[in-house]
Amino acid sequence: MMCVVNRIDSRPSGVGAGRRIVAIVSLTCAATVLPLAAADAQSSTTQGAGSISETPENPGPAQATHADAAAFARRHPGSAPPGSNDFSCKPSAAHPRPVVLAHGTDANAYSDWSAIAPALKSAGYCVFALNYGGKPGGDSFGTEDMRVSGQQTADFVQRVRAATGAEKVDLVGFSQGATVTRYFVNRLGGAAVVERWVGVASPSYGGVFYGLAPVLDGIPGGAEAIEAMLGQAVGQQIQGSPFLDALNEPADTVPGVSYTTIGTQYDEMIQPASNVALRGQGATNVSIQALCPQDRTGHMNMVYDPFTIGLVLRALDPGAPEPICAPVALGTGIPQMMYESNFGGSSDGS
């Protein structure tokens, strides 16, 4: 088998979505040699060994694209999404629950939330965002054991509640962050302190990565190789993983919490796209194309798509303005994210 092996870039945080796609292409090329490399891959990985979280404190500017946000985060580590992490913020009567945001895989709070956070702040919410699941000594977040990330989320929520005096919070997670926060709600007692949970591009039942994951899983050492190259959290998000099976049984929701998933049929990471939806009681599953067929936004673009941002605001507050439907071309944002992942470039140069 001949192929061109793409570079798996280990740049600082904020290039997650692009890096994942590049890595998956590289894994496709490597599939036939995995049995020979499995032993080395396993020896280089210690499952669940260490995970760090942090609260970013340096506000960055609002961004209009995921690639520009990732580029800024790479150049300015520790940046906070604009409007977030003001621990002096006191919730209003109109919005009594702070909103806690959880980023996706191999990313950080700024790279994923520098459009939604200021939108929430402008709407009158107290907004908070953490960086979770980082490898000690690493340069990104959302790569380590999602069970540990769930506990880090629990600790952060407790800090937010203590600072704001709020009895409950609302949670918004993107990609892995949706499942991490749902783990907190469903398995760590978070249901007692969470009113609304919103999952954007949530890998609720995982992805098969265009059929690659089952192929690799069938090769001796394949699952371990995935985690060695991409992090434990990636393996936990594959359809049929023990982590997801345990989280979704006996039900994928628990009483007392309002759940909303927001998905797109053009999701380039979560396939089949129907795996975003929850099946339990209390769940509302929203498809972007059911409401706005001409918006063909994909996984990477969702948290920077104005229509999706409007859906998030409506999920948190049914009285929020109805989002305005507008055309979005298929593949929007993908080339820019792949370029940023491989070459560290950005159109704004900041």
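Does the stretch 221-350 come out rounded, prolate or oblate, given a ≥ b ≥ c as the square roots of the eigenvalues of its C-alpha gyration tensor, rounded meaning a/c under 1.5 and, failing that, prolate meaning a/b above b/c?
Details: a/c = 2.11, a/b = 1.01, b/c = 2.09.
Note, shape of the stretch 221-350 comes out oblate.
Under 29 Å between alpha carbons, and skipping anything fewer than 8 positions from residue 121 in its own chain: which lysines qualify?
90, 168
So what does the Cα-only Debye profile of the stretch 78-154 read at q = 0.11, 0.13, 0.17, 0.21 Å⁻¹, as log10 I(q)/I(0), no solvent term?
The Cα Debye sum returns log10 ratios of -0.29, -0.40, -0.65, -0.89.
Output ³J(HN,Hα) for the stretch 247-261: one whole-Hz value per residue in order, computed from phi by the Karplus curve 6.51 cos²θ - 1.76 cosθ + 1.60 with θ = phi - 60°, and x for Gly and Pro.
3J(HN,Hα) across the stretch 247-261, in whole Hz: 5, 8, 10, x, 8, 8, 10, 10, x, x, 10, 8, 10, 9, 9.
In whole Å, how far is the Cα centre of the stretch 273-331 from that of the stretch 181-234?
21 Å
Counting only residues 5 or more places away or on other chains, whose amide H sits under 5 Å from the amide H of residue 285 once H atoms are built in the peptide plane?
Residues meeting the amide H criterion: 261.
Normalized C-alpha radius of gyration of the stretch 86-126, against 2.2 N^0.38 Å? It would help to have the intermediate numbers written out before the result.
Numbers: Rg = 11.3 Å, N = 41, 2.2 N^0.38 = 9.0 Å.
In units of the 2.2 N^0.38 Å rule of thumb, it is 1.25.
State the Cα centre-to-centre distance between the stretch 109-137 and the stretch 78-100 in whole Å.
10 Å
Check which residues have an amide H placed less than 5 Å from residue 268's amide H, if you skip close sequence neighbours.
HN-HN under 5 Å from residue 268: 299, 300.
If each residue of separation counts as 0.36 nm, what is the full-extension length gain between residue 281 and residue 75 once their alpha-carbon separation is subtracted? Please list the in-between numbers first.
Values: separation 206, 0.36 × 206 = 74.16 nm, distance 4.32 nm.
Result: 69.8 nm gained on full extension.
Once you place label points 7 Å from the Cα toward the Cβ at residue 95 and residue 330, how far apart are they in nm?
3.6 nm
When a footprinting reagent is the concern and you count Cβ atoms within 10 Å, what order do 334, 324, 52 take, fewest first?
Ordered by Cβ neighbours within 10 Å, fewest first: 324, 52, 334.
Throughout, read-outs are computed from the coordinates displayed, never taken from laboratory work. Owing to the predicted nature of the structure, the values given are computational and were not obtained by experimental measurement. Here the Cβ is made from the backbone with ideal geometry for all residues, glycine too, and neighbour counts use every protein chain on show.
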